[in-house]
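Worksheet: the structure to be examined is printed underneath.
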Amino acid sequence: MEYRSLGRSGLQISALSFGAWVTFGNQVDVDAAVAMMGTAFDAGVNFYADLGVMFQGTPKATLTATCGPATPAALCSQLQASTALEAIDLQDSIKNFKYFPVASIGVTIGF
């Protein structure tokens with residue numbers, strides 16, 4: 001596999017990416033999807049893109065706040081409470097969407 005630099009990050013990504021815009025879900029079953037991704041990975045692909053519009057079921061927004069050990073407990077509780085309220089507001093604002101955008105991009109780095 002040929003690799004190229006990702007900007008100035010120092011990361012090397014494969015010249016070919018694995019795209020799954022409308023490939024999965026109703027068009028390809030899970031076992032076939034896993035096999036395709038495994039074949040791409042085995043060939044050296046380390047750049048995956050899944051961009052498009054998803055229209056399966058109802059959209060769900062997930063927001064979480066995770067605090068590290070250096071974060072004071074009171075601040076962490078406040079952050080988590082604020083995030084929970086924001087998640088409720090966000091979910092309420094998108095609950096009636098029939099079509100909603102989905103963007104997921106990943107890079108795998110092997111050591």
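The values are calculated or read from the model by the stated rules, or taken from the named source; none is laboratory data. Worth saying up front: this structure is predicted, and the values here are computed from it rather than measured. All Cβ positions, even for glycine, are placed from backbone atoms using ideal geometry, and neighbour counts span all protein chains on display.
Pull up the stretch 62-84, narrow it to residues that are surrounded by 10 or more Cβ atoms within 10 Å (Cβ to Cβ) and of a type in the set (Val, Ile, Thr), then point me to the one that is farthest from the chain's Cα centre (by Cα).
71
Could you check, for the stretch 86-95, whether at least one of its residues is over 30 Å from residue 2 (Cα atoms), exposed (fewer than 12 other Cβ atoms within 10 Å of the Cβ), of a type in the set (Gly, Ala, Ser) and modelled with pLDDT of 80 or more?
Checked the stretch 86-95: at least one residue is over 30 Å from residue 2 (Cα atoms), exposed (fewer than 12 other Cβ atoms within 10 Å of the Cβ), of a type in the set (Gly, Ala, Ser) and modelled with pLDDT of 80 or more.
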